[in-house]
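> Structure incoming, see below.
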Amino acid sequence: MSDTGAAKRPPTIDDVLRLRAAEPLPSSNGRAEDGAVRDGAAPPRIVEIARLAGVSPITVSRALRQPEKVAEAKRRKILEIVERTGYATNPHARALRSGHSNIVAAFVSNLQSQQFCLAVQGCGEVLEPQGYQLMIGQTSYSYAKETTMIQSLREMRPAAVMFTGVIEIEENRRALRALGIPIMETWAYPRDPIDMLVGFSNIDSGRFAAEHFAGRGYRRVAFIGRRSGRGALRLNGFREGARAAGLDIVAELSVDRVTSMVDGRRALAELLSGNAAIEAVFCANDLLATGALLEARRLGLRLPEDIAILGFGHSDVAEELPPGLTTIGIDSRDLGRQAGSMILQRMRGDMPAEPIRAIDLTLTHRGSS
């Protein structure tokens with residue numbers, strides 16, 4: 001078992017998709033006719049919830065904090081408007097209105113990902129000794145959740161924001177810039193980050209996977225992963241690398257919601273049910289890859305003789321599952337530390353010499369390939 005670094009070459013730019021918010025378009029006051037927040041507008045205040053519900057602000061407050069004191073029909077109407085508009089009470093806002101915030105908001109794509117958690121821990125290791133506290137939210141790869149969380153930042157007024165990902169919706173990018181605080185994006189390498197970035201090329205990770213398969217002598221290969229966001233970038237890189245190496249991608253299976261290793265088990269079973277001649281599979285994250293490895297063993301397949309499996313992420317479980325999962329990834333804690341150092345520098349009034357940094361990709365070769 002050894003770690004092999006990726007070929008030393010400048011990272012490839014990730015052509016991250018840029019999106020506009022969904023219809024309907026906002027009215028002149030920044031809100032759609034249905035009361036929902038659009039186009040990066042500030043989240044609704046309690047007085048607006050009261051106006052839409054036809055009640056007083058104190059009734060809205062009671063419905064949220066002391067629901068037993070509000071008539072059921074009235075309470076249901078208020079809660080329906082709260083849900084529709086994305087209004088959220090903020091326990092930190094009052095404390096932060098007149099003072100300097102010591103809160104850094106960290107938005108994680110998936111809390112089950114060890115790599116995302118390691119990055120946040122690394123960031124905290126830098127910031128917490130300096131008196132800052134991380135407040136963590138989970139976007140679950142959901143544009144709607146991401147938008148609601150970003151809208152809440154104007155009320156929360158954190159000192160800085162970190163994302164385990166990059167922001168694709170243009171309205172959200174504008175809203176973040178308007179906050180006037182350090183914004184840190186990670187886990188990709190776009191040409192135009194909002195403010196600062198510590199990331200890596202997802203295109204290169206896919207190419208690296210194809211190069212590994214070619215070097216091990218595999219020719220009929222497959223892909224399992226998301227077809228949006230970073231998964232799409234890794235797939236594009238995998239396709240490019242496969243073409244360059246003369247590999248045949250015989251199947252591509254989309255798994256757009258990944259919550260556990262069970263998704264990887266199901267994905268490999270589905271993949272093999274229609275493609276018996278697959279020699280090697282690149283899974284776009286380690287949750288899928290570990291599940292695929294377990295399913296291969298359940299089916300009685302020998303790794304790597306009958307099928308090879310390659311993951312992405314460098315999770316601890318990848319090393320423990322026999323015969324060991326080969327993975328591509330990064331040092332996530334180091335990414336978090338670098339991100340934290342850059343955020344701290346900005347909060348102290350200095351500009352990092354390199355506001356955009358690239359982390360090296362590495363391949364850990366184990367028994368699955």
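> Within the range 61-74, which residues are modelled with pLDDT of 85 or more and under 35 Å from the mean Cα position of the chain (by Cα)?
Correct list: empty.
> Filter the range 237-262 down to the residues that are part of a helix (DSSP H, G or I) and in contact (Cβ under 8 Å) with a residue 40 or more places away in the chain, then identify the one that is nearest to Ser369 (Cα to Cα).
Phe238
> Does the range 180-199 contain at least one residue that is closer than 27 Å to Arg9 by Cα, among the small types (Gly, Ala, Ser) and under 21 Å from the mean Cα position of the chain (by Cα)?
Among the residues of the range 180-199, at least one is closer than 27 Å to Arg9 by Cα, among the small types (Gly, Ala, Ser) and under 21 Å from the mean Cα position of the chain (by Cα), which makes the answer yes.
> Can I ask one more? Hey, can you tell me all the residues within the range 263-285 that are open to solvent by less than 10 Å² (accessible area, probe 1.4 Å) and part of a helix (DSSP H, G or I)?
The answer is Gly264, Ala267, Leu268, Leu271.
> Out of the range 139-173, which residues are hydrophobic (A, V, I, L, M, F, W, C) and either within 22 Å of Ala188 (Cα to Cα) or without any contact (Cβ under 8 Å) to a residue 40 or more places away in the chain (or both)?
Ala144, Met149, Ile150, Ala160, Val161, Met162, Phe163, Val166, Ile167, Ile169, listed by residue number.
Residues checked against (1) among the hydrophobic types (A, V, I, L, M, F, W, C); (2) open to solvent by less than 10 Å² (accessible area, probe 1.4 Å); (3) in contact with a strand residue (DSSP E or B) (Cβ under 8 Å, 6 or more places away or on another chain):
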residue	(1), (2), (3)
Thr139	no, no, yes
Ser152	no, no, no
Met162	yes, yes, yes
Gly165	no, yes, yes
Ile169	yes, no, yes
Asn172	no, yes, no
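> Also, quick follow-up: Of Ala339, Ala296, which residue is within 25 Å of the chain's Cα centre (by Cα), outside any strand (DSSP E or B) and modelled with pLDDT of 95 or more?
Ala339
> Can you tell me which residue within the range 313-335, out of those that are part of a helix (DSSP H, G or I) and open to solvent by less than 20 Å² (accessible area, probe 1.4 Å), is nearest to Leu197 (Cα to Cα)?
Leu335
> Separate question: Name the residues in the range 336-347 that are within 24 Å of Asp204 (Cα to Cα) and surrounded by fewer than 24 Cβ atoms within 10 Å (Cβ to Cβ), would you?
Within the range 336-347, Arg337, Gln338 qualify.
The values are calculated or read from the model by the stated rules, or taken from the named source; none is laboratory data. Only a predicted model underlies this, so the values are computations on that prediction, with no experimental measurement involved. We place every Cβ from the backbone using ideal geometry, glycine too, and count neighbours over all the protein chains shown. For accessibility, only protein heavy atoms count, side chains too; no ligands or nucleic acids. Shrake-Rupley method; radii C 1.70, N 1.55, O 1.52, S 1.80 Å.
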